[in-house]
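Input: a single structure, listed below in structure tokens.
FYI, it's all coordinate maths here, none of it is from the lab. Because the structure is predicted, anything quoted here is derived from the model rather than measured. With ideal geometry, Cβ positions are generated from the backbone for all residues, glycine too; neighbour counts draw on all protein chains shown.
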Amino acid sequence: MARTKVIFVSGGVISGIGKGIATSSIALLLKSRGYSVTIMKADPYLNIDAGTLNPIEHGEVFVLDDGMECDQDLGNYERYLEQSLNKTNYMTTGQVFKSIIDRERALGYEGKTVEFFQHPPEEIIQRIETCAKTNNAEIVLFEVGGTVGEYQNLLFLEANRLMKLHNPRDILHVHLTYLPIPSALGEMKSKPAQMSIHQLAQAGILPDFVLARAQVAVDERRKEKIAIACGLQPEDIISAPDVESIYQVPLNFENQKFSDKVLKKLFAKPRKSDLADWKVMVNDTLTAPGTAKIAMVGKYFSTGDFTLSDAYLSVIESIRHAASRHGIKPKLTWIDSAKIEEEGVKMLAGYDGIVVPGGYGSRAVEGIVQAIKFARENKIPYFGLCYGMQQAAIEFARNVLGYRDANTTEIDPKTKHPVIDVMKGQKDLVKYHNLGGTQRLGAWEWKGKPGTKFAKAYGRTSGSERHRHRYEFNNKYKEEFEKSGMIIAATTKDGALVEAVELKDHPFFIGTQYHPELKSRPMHPHPLYMAFMEAVVKTR
């Protein structure tokens, strides 16, 4: 069997310039050439996983089928590759150190000194090999989180250097860097990009390709400057300008024959190239003739004077996936529920659909409840995701069943009507703050009620979806809810837990305890998002 090829991807100058999208795009191109491909993300922080990180600071926590809570880039990987990944596709420095320390405590190093720059890179290399084997991959892309020059990335770059040293024909390095255009100058500057390449060289690595990110396409003069700076040919500098849709990025790369160049440097034979369906999807996204206004009501949008949509990245992409299939370009507006509490629901007038995504805690929750009541009473298509389902149940209990103090015990442990309550097995975990990696996580099978909008959307009455939560619908209220018009549309396979609720006599009012956005793909939009957007189109 041929050795697995590995492509390391690093970033420079600034963060947030699309390293995850670039990595996903390269993977898609290689998969389109007939190779089996997988992607790993290496985050340099000491957390074991992303589950305890603040979504405003770090972005969305993406959950895999096996329950791994990871960086949002894993979502990009799955969306581009149309593949479900697993825990071997995600690594943190914390995981690496924990494995080494656990092994040392068990005398796994047989009394030898555990060295900082020897054993962690060895552990990283071993994890790359495990990922390749687990995913049966001929090519592994390895995204190094953060930017070069940061101390915490050195161990991953050292693993790259060692692998290149021992298998030079099987290892590539792609460096994504940024060329700014200062407004006072009006000219694209390549010096920051050159400096980031020099920083990479200090770790013993010269890139095989440079992806030159900028507002516009990088011209030949700048390509030549960068090529001289890192000892490359100008044709190995790939222009990566801003685009309208992130799904255009692989097509832009391929227009520059990037996959041919990569395969040549990997000493891999070119195979077929098939991007036809992807091109159709991108064209549909860019040329959708209609528009629809969607209000995203939540609590994790604001950070200082800025709005951070990364907290709900998968939700945004899922709406876009479904909207383009209905000939729609969605106009998403972020509405902080705290503002609804201050100014009332009048700000929701004129929207064609309302989405309440996941969340935690009591801050600004009454604004969410008000938004849900507005959607219910005014027949506006509503989609509640996890926390959005729970708050829909609370709103229904208060304003339809008449239980004015109905609540979740997460917010009011003493409520007389705990419509949403902590799972029995979670009570001690909460009490003793054993919170990391202990929620209901990953894929769970569901069964749906025939004849509901929910079941019609899926076209079936069973399936599997991904979860990330600790509180559940209280089964004591099932019968009352259904008598008054809120249907239990789906439960877990054994019937023990409520997975989805649906309002009768409404164009679309569905809440799911799980996160359907985690399984939506641009080529295959999630059926519930498709049904939501269909209702939006019909009722707008």
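Determine the percent antiparallel among the DSSP beta bridges restricted to the chain, to the nearest 5.
Antiparallel bridges: around 35 percent, rounded to the nearest 5.
Kindly provide the trypsin sites (Lys or Arg not before Pro) of region 200-268 that DSSP labels as loop, not H, G, I, E or B, and whose Cβ sees at most 16 other Cβ atoms within 10 Å.
Here the sparse-neighbourhood loop sites are LYS257.
In whole Hz and in residue order, list the ³J(HN,Hα) couplings for region 406-420 that follow from phi through the Karplus curve 6.51 cos²θ - 1.76 cosθ + 1.60, θ = phi - 60°; x for Gly and Pro.
3, 6, 9, 5, 5, 9, 10, x, 9, 4, 6, 10, x, 4, 10
Among the GluC sites (Glu not before Pro) in region 11-90, which ones are in a DSSP loop with at most 15 other Cβ atoms within 10 Å of the Cβ? Mind listing them?
Passing both the DSSP loop test and the Cβ count: GLU82.
Rounded to the nearest 500, what is the chain's calculated 222 nm mean residue ellipticity when only DSSP H runs of at least 4 contribute -39500 (n - 2.57) each, over all residues?
When only DSSP H runs of four or more count, the value is -10500 deg cm²/dmol.
Could you pull out every residue, at least 5 positions away or on a different chain, whose amide H is within less than 5 Å of the one on VAL9? Hs are placed 1.01 Å off N in the peptide plane, and Pro or chain starts have none.
Amide H neighbours of VAL9: PHE142, GLU143, VAL144, VAL174.
Residue-wise, which Karplus ³J(HN,Hα) couplings in Hz belong to region 97-102, taking 6.51 cos²θ - 1.76 cosθ + 1.60, θ = phi - 60°, and x for glycine or proline?
Values, residue by residue: 5, 4, 4, 5, 5, 4 Hz.
Could you tell me how far the Cα centroid of region 455-502 sits from the Cα centroid of region 154-233, in Å?
Here the answer is 51 Å between Cα centres.
What are the residues whose amide H is under 5 Å from the amide H of THR452, where those residues sit 5 or more places off or on another chain and H is modelled from the backbone?
none
What shape does region 288-539 take by its C-alpha gyration tensor, where a ≥ b ≥ c are the square roots of the eigenvalues and a/c under 1.5 counts as rounded, a/b above b/c as prolate, and the rest as oblate? The partial results should precede the final answer.
Working: a/c = 1.34, a/b = 1.19, b/c = 1.13.
In terms of gyration-tensor shape, rounded.
How far, in degrees from 0 to 90, does helix 276-287 lean away from the longest principal axis of the Cα atoms of the chain, to the nearest 10?
Roughly 60 degrees, rounded to the nearest 10.
Whole-Hz ³J(HN,Hα) for each residue in region 26-36, computed from phi via Karplus 6.51 cos²θ - 1.76 cosθ + 1.60 with θ = phi - 60°, x for glycine and proline: what do you get?
Once rounded to whole Hz, the list reads 4, 4, 4, 4, 5, 5, 5, 8, x, 8, 7.
Restricting to region 288-539, what percent of DSSP beta bridges are antiparallel, rounded to 5?
Bridges in region 288-539 are about 55 percent antiparallel.
Whole Å is fine, so just give me how far the alpha carbon centre of region 37-73 lies from that of region 338-358.
Using only Cα atoms, the two centres lie 29 Å from each other.
Antiparallel DSSP bridges in region 223-382: what percent, to the nearest 5?
15
Which of the lysines could a cross-linker bridge to LYS164, judged by Cα under 17 Å and excluding same-chain residues fewer than eight apart?
Hits, sequence-local ones excluded: LYS5, LYS264, LYS265.
Ranked highest first by average number of other Cβ atoms within 10 Å, how do 335-341, 310-316 line up?
Values: 335-341: 19.0, 310-316: 23.4.
Result, highest mean first: 310-316, 335-341.
Order by neighbour count: SER36, SER196, fewest other Cβ atoms within 10 Å first, most last.
Numbers: SER36 14, SER196 26.
With the sparsest Cβ surroundings first, the list reads SER36, SER196.
Are there trypsin sites (Lys or Arg not before Pro) in region 5-106 that DSSP marks as loop and that have at most 13 other Cβ atoms within 10 Å, and which are they?
Counting only loop positions with at most 13 other Cβ atoms within 10 Å, none of the trypsin sites (Lys or Arg not before Pro) in region 5-106 qualifies.
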